[in-house]
Amino acid sequence: MSDSLFADASQRLEQALKFVSISDDAAEHLKYPKASLAVSIPVRMDDGTLRIFQGYRVRYDDTRGPTKGGVRYHPNVSMDEVQSLAFWMTFKCAVLNLPFGGAKGGITLNPKELSKMELERLSRGYVDAIADFIGPDVDIPAPDVYTNPMIMGWMMDQYSIIRRQITPAVVTGKPLTMGGSLGRDTATATGAFFVIESIMSKVDRLPQETTVAVQGFGNAGAEIAELLSKAGYKVVAVSDSQGAVYSKKGLDIAKIRQYKLSSKGIKALYCQDTVCHIDEHEVISNEELLTLDVDILIPAALENQINEANVKDIKAKYIFEVANGPVSSAADRILEERGIYVFPDILVNAGGVTVSYFEWVQNRSGLYWTLKEVNQRLMEKMVEETEKIWAISQELAIPMRTAAYVHALNRLGEAINAKGTRDYYINGRVYA
Ligand code: NAD
């Protein structure tokens, strides 16, 4: 992989452009982010000292609507990573036909080192710094790695204080009591589950004869492991940042989840413990989990986990990308040659942004839906777009990832052309 994640991500666009007939102008437009913001966030720590954190927000493209994308708290957050994630969000929203463009944000830190009050001050400080860059009709943040409903609630509250009006639609993934949607906490995994079920029925594979390994045991990973386990799939391995556990006969996912939850400290926002501390399972390394001989491998942690270094050892038959960007473009080509099917992030994990869209609609209408309504609408969207991408893949004899990009590009290209040519002779304003 190139040193730049964005350069690697852009290769997917180049690959898909060979199969679409969008205008050259539209293709050129999609190669660059619309606007990028880097901010320094001063935070008074509990011991009285001052720390300055680096934060980012990238609005990649807003042709199809206000931009949408999560905020990540992680030590590896950089402008390059945030820009790549914003690029993927642009295509993901188009794949699902949501009236949004793509964005992403992040702060470079290890959130587990901060107290809850320090995290609240940091989250509010981030919103202070980016307040003119976001808004319910401009750009709408949401949770991502190591951010959660509590943090989204603080962000919405801070934005409302700045604007002097309650503005729930500025952030999604909020607590239910602050205008969150039922089903948002489980949406990424539920959406992925609908995609997996659609594909497994096409390839005539029954749950009880299908083994699964899941990398990452957070919001998305733990939920998809549990959904698959409940549906009869044999989930034989799961991992978190500290290691992995394996059981040939299948793991008791509900029990492992309960164990992790019970280890949350009273003052801390994050679990202190790891899946590895459950005695009865074999402990393996994160690297070993990725190369297990399973039917389905689900990377649900971070990007670039399957790369040129380990791709030759991958034995799974199907890879469903619940994480964003877990397979590098070089690894993608090798997996294709080896006949391993990869189902791409911009489809598989799009349930999260889809229910974020539902939350935004509910906030704006003031009418809240039941969990049944949310999940029914989510299922319809996920299955419909999976079917369309599958059909493109079959018709053009291209991998599902390229087919998903082709599908998104057709929608994006049409929208860019429909806007006319103003952008090309008048400098567009950045904020709207
Ligand atoms: P999370 O913070 O809830 O969980 C991340 C998990 O990954 C944790 O269990 C952590 O211990 C684990 N992890 C970190 N490094 C690891 C490593 N090297 N090996 C194994 N596990 C590791 O985050 P999340 O919200 O579940 O997001 C996970 C992925 O899904 C990210 O790529 C994110 O962008 C993507 N995603 C999330 C959502 C959402 O709604 N939460 C939506 C779409 C995509």
Roughly what % antiparallel, to the nearest 5, for the DSSP beta bridges in the chain?
50
Calculated FRET value between K249 and K202, using beta carbons and R₀ = 25 Å, to 0.05
0.35
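Students often check this: by mean Cβ neighbours within 10 Å, which of 16-26, 198-208, 231-241, 107-117 ranks highest, and how do the rest follow?
Packing order, densest peptide first, comes out as 231-241, 107-117, 16-26, 198-208.
Given C-alpha coordinates of segment 1-47, what is the ratio Rg to Rh with the Kirkwood estimate of Rh?
Rg/Rh: 1.27.
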Can you count the Lys pairs in segment 33-178 whose Cα atoms are under 29 Å apart, with each pair 8 or more apart or on different chains?
16
In whole percent, what relative contact order does the chain give with Cα contacts below 8 Å and a gap of six or more residues?
18
Give, in whole angstrom and from largest to smallest, the semi-axes √(5λ) of the equivalent ellipsoid of the chain, with λ running over the eigenvalues of the Cα gyration tensor.
31, 28, 20
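Could you please report the charge total around I253, scoring K, R as +1 and D, E as -1 over all other residues with beta-carbon less than 9 angstrom from its beta-carbon?
Result for the local shell: +1.
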Relative contact order for segment 344-427: what is it in percent, counting Cα pairs under 8 Å that are at least 6 residues apart?
29
If you bin the C-alpha pair distances of segment 170-239 every 5 Å from 0, what whole percents do you get?
4, 16, 23, 21, 15, 10, 7, 4, 1
How long are the three semi-axes of the equivalent ellipsoid of segment 362-408, in whole Å, if each is the root of 5 times an eigenvalue of the C-alpha gyration tensor, listed from largest down?
31, 11, 6
Distance between segment 286-342 and segment 1-63 - C-alpha centres, whole angstrom
24
What nm distance separates the two modelled labels at E287 and S23, each placed 7 Å from Cα along Cα→Cβ?
5.1
K255: which aspartates and glutamates have alpha carbons under 20 Å from its alpha carbon, excluding same-chain residues fewer than 8 sequence positions away?
D185, E223, E226, D240, D273, D279, E280, E282
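Please give the calculated 222 nm ellipticity per residue for the chain, where each DSSP H segment of at least 4 residues contributes -39500 (n - 2.57) and the sum is spread over every residue; nearest 500 deg cm²/dmol?
Calculated at 222 nm, the ellipticity per residue is -13500 deg cm²/dmol.
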Label point at K112 placed 7 Å out along Cα→Cβ; residues across segment 236-252 whose backbone nitrogen lies under 11 Å:
240-243
Take every Cα pair under 8 Å in segment 33-178 that's 6+ residues apart, average their separations, divide by the length, and report that relative contact order as a whole percent.
24
State log₁₀ I(q)/I(0) for segment 33-178 at q = 0.12, 0.13, 0.16 Å⁻¹ as given by the Debye formula over alpha-carbon point scatterers of equal weight, solvent excluded.
-0.43, -0.51, -0.78
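Where a number appears in this text, it was derived from the coordinates with a stated rule and is not lab data. The shown structure was predicted, so the numbers you read here are calculated from the model rather than taken from an experiment. Here Cβ is always computed from backbone atoms with ideal geometry, including for glycine, and neighbour counts include all displayed protein chains.
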